[in-house]
1. I'm told A:Leu213 meets every condition in (1) away from chain B (no Cβ under 14 Å); (2) more than 16 Å from ligand 2 (Cβ to nearest atom); (3) touching a helix residue (DSSP H, G or I) at 6+ places or on another chain (Cβ under 8 Å) except one. Can you identify the failing condition by its number?
2. Quick one: which residue in A:Leu130, A:Leu177, A:Leu143, A:Leu159 is under 16 Å from A:Ile105 (Cα atoms) and open to solvent by less than 20 Å² (accessible area, probe 1.4 Å)?
3. Select from the range A:35-46 the residues that are within 15 Å of ligand 1 (Cβ to nearest atom) and either part of a loop (DSSP other than H, G, I, E, B) or within 14 Å of another protein chain (Cβ to nearest Cβ) (or both) and list them in ascending order.
4. Any idea how many residues of the range B:59-79 are more than 19 Å from B:Ser222 (Cβ to Cβ) and loosely packed, with under 15 Cβ neighbours inside 10 Å?
5. Among the residues of the range A:1-28, which ones are without any contact (Cβ under 8 Å) to a residue 24 or more places away in the chain and in a strand (DSSP E or B)?
6. Given the options A:Ala182, A:Ala152, name the one that is away from chain B (no Cβ under 14 Å) and either within 16 Å of ligand 2 (Cβ to nearest atom) or among the small types (Gly, Ala, Ser) (or both).
7. Tell me, which helices (runs of 4 or more DSSP H) lie completely within the range B:182-229 with 2 or more residues that are open to solvent by 30 Å² or more (accessible area, probe 1.4 Å) and at the interface with chain A (Cβ under 9 Å from one of its Cβ atoms)?
Amino acid sequence: MNSEFLIVDGVTKRFGGLQALGGDGGLSFTVPRGTFLGLIGPNGAGKSTTFNVISGVTKPDTGAVYLDGQNLSETRTPEIAAHGLGRTFQTPRAFPSLSILENVIVGADSAGERLGAVLSGRWRRDEPKLKEKAAAVLNRVGLGSRMTGSVASLSGGELRMLEVARQLVRDPKILLLDEPTAGVDPSLQGKLSEILARLHEDGTTLIVVEHNLHFLLRIADTVVVLQNGELLAQGSPQAIRSDEKVVAAYLGNDHAA
Amino acid sequence: MNVEAFLVAVLTFGCLFSVLTLSLNLQYARGGMINFGTVAYFAVGAYAYAIVTQEPPSGLDQYLIGLNGPWWLGFLVAGVGAACFAILTGWPTLRLRGEYLALTTFAFAEVLHSFLLNERRIGNGSVGLANVERPGISWADVPDSYVFAVAALLLMLVTIAVYRRILASPYGRAMDAVRDDEMAAEAVGKDVARMRFEVFVISAVPIGFAGALYAMITTLVSPDLFTAEVTFFVWIALVLGGERTMLGAILGTIALVVFQEVVRGIPFETVRSAQIAASVEHMLTGAIFVIILRWQVFERISFARSQAE
Ligand SMILES: Nc1ncnc2c1ncn2[C@@H]1O[C@H](COP(=O)(O)OP(=O)(O)OP(=O)(O)O)[C@@H](O)[C@H]1O
Ligand SMILES: [Mg+2]
């Protein structure tokens, strides 16, 4: 029980007439601390909705999510983030009125975001350190030469990496990435998989949604397969590849090992 | 027309109302909040100042409270009172979006207006509080009007300094992030609700101070000085100046004040001609409004400046 860092417990969610998550007993799965979990499933299976429920963007109809023993269903999104949960969105989100570097710095929790510290000017001390850290993260995701540019100058794949960088600068304990390789070129994908392997080594819990199984199944250590909002299978990448139900529902026969 | 008096009036009211426009600029352009009840915080400041400084009621007075306090206490209470009113009105409304927030803040201001009008124990109802005390400050032969002009200028400069300090800090950066994309900002731990609330309350303080200064200048506070027209005035000034910069907010306000003072300065022989002038003023306001919006005059000037900075 102690090692179960994240617990999704009987979660259901309806949108109008559509049962997006959880059929009968609701969706349940657990993620031990330090796991690299791949979350896969056909379009509309409920992967992004699962992320939204975990991060507090969407409140579940029934059931709950626990992170490190705390019930997230009663916690607001910014507080969940403050608890060390980071996430990206399937459609990359950026802050157009901030520079690329600022888009990353703003991911960190600066003392200067408290009004008291603003008026006393106490935040100035920390700012150079934050800048340095953000610049280092931008280098890691291949945007080191674009720091002063504007967000509007970034391509779709670069925006995705920018969003990853904004989360990395927070040093999250658990990081949720929604299709991080979509529209990202092979060389950047290589960088990304290095970054993820490194985070994994350092003990960060990772949940990654991907349709790019070539990318995901090489680096994930457990896989959860969703279909119609329900858990279809859970197991090691090898076991999932050869699972008949998964092959039938999602992988197609070409993938059968 | 007396040029000197004209310039002093423009300086005084230009700076005074710029404080309101700057606060609105912070709330709207940077905080993404539409406050259509600006006049309420201004009125709270003015009434707070009057009540703290006036003498206890006597004779025909219907008001209950007069603390006979010093002017600086009245001034401080004006800022605190406006902040309290912002807390009271912001708490239930700030979760609302766009036009809904506009409507509720407008409604709050109307409620306050009719409260001041009908509840005579606060400020004599529609009669208002006359003979509001002025601070007994005088430098040699300098007339009061000059002192108030300088005070308004100082208040505006301090307001700018504080707002700049906020905007140039990580707090301002987080505000921009929140306005750009709330969901992404919350995903990195920015508490959107908390920040909006803080910005709303903080920016009410200078409006309250401006209300106190206004009460000192007019020596009268009454409900018909604090109608929705004040709110519209400030919004027009903000739109005229372009919402993007502080300089624009100030230019827009001063332009509007100049226009009003010019019209006010024209001497009228008869009531009829004054009536005509009043309607011409409205038409001209509309026409100028259209022209400036169409060509975004001030916005261009101030934006070019900010690009150059
Ligand atoms: N806010 C919403 N309102 C209505 N329906 C929604 C909403 N969000 C998700 N859905 C529906 O819920 C179902 C699950 O959507 P979700 O985005 O979680 O799927 P997904 O597994 O992420 O799919 P994809 O691989 O295409 O990204 C879909 O049928 C979707 O249309
Ligand atoms: Mg999805």
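1. Among (1) away from chain B (no Cβ under 14 Å); (2) more than 16 Å from ligand 2 (Cβ to nearest atom); (3) touching a helix residue (DSSP H, G or I) at 6+ places or on another chain (Cβ under 8 Å), A:Leu213 violates only (2).
2. On the way: A:Leu130 fails: open to solvent by less than 20 Å² (accessible area, probe 1.4 Å); A:Leu177 fails: under 16 Å from A:Ile105 (Cα atoms); A:Leu159 fails: open to solvent by less than 20 Å² (accessible area, probe 1.4 Å).
Testing whether each residue is under 16 Å from A:Ile105 (Cα atoms) and open to solvent by less than 20 Å² (accessible area, probe 1.4 Å) leaves just A:Leu143.
3. Of everything in the range A:35-46, those that are within 15 Å of ligand 1 (Cβ to nearest atom) and either part of a loop (DSSP other than H, G, I, E, B) or within 14 Å of another protein chain (Cβ to nearest Cβ) (or both) turn out to be A:Gly41, A:Pro42, A:Asn43, A:Gly44, A:Ala45, A:Gly46.
4. Total meeting the criteria: 5.
5. Step one: filter the range A:1-28 for residues without any contact (Cβ under 8 Å) to a residue 24 or more places away in the chain, giving A:1-2, A:15-18, A:24-25.
If the condition is that a residue be without any contact (Cβ under 8 Å) to a residue 24 or more places away in the chain and in a strand (DSSP E or B), then A:Phe15, A:Leu18 are the ones that fit.
6. Working: A:Ala152 fails: away from chain B (no Cβ under 14 Å).
It is A:Ala182.
7. Numbers: elements: B:182-187, B:192-202, B:204-218.
Hits in the range B:182-229: B:182-187, B:192-202.
Matching residues to (1) near ligand 1 (Cβ under 10 Å from one of its atoms); (2) buried (at least 16 other Cβ atoms within 10 Å of the Cβ):
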position: A:Leu18; (1), (2): yes, no
position: A:Gly22; (1), (2): no, yes
position: A:Arg33; (1), (2): no, no
position: A:Ser48; (1), (2): yes, yes
position: A:Ile54; (1), (2): no, yes
position: A:Gly69; (1), (2): no, no
position: A:Arg76; (1), (2): no, no
position: A:His83; (1), (2): no, yes
position: A:Thr88; (1), (2): no, yes
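The values are calculated or read from the model by the stated rules, or taken from the named source; none is laboratory data. Since the model is a prediction, treat every value here as computed from it, not as a measurement. Neighbour counts are summed over all protein chains in view; Cβ atoms, including those assigned to glycine, are modelled from backbone coordinates with ideal geometry. The accessibility values were calculated without ligands, DNA or RNA, using every heavy atom of the protein model including side chains. Shrake-Rupley method; radii C 1.70, N 1.55, O 1.52, S 1.80 Å.
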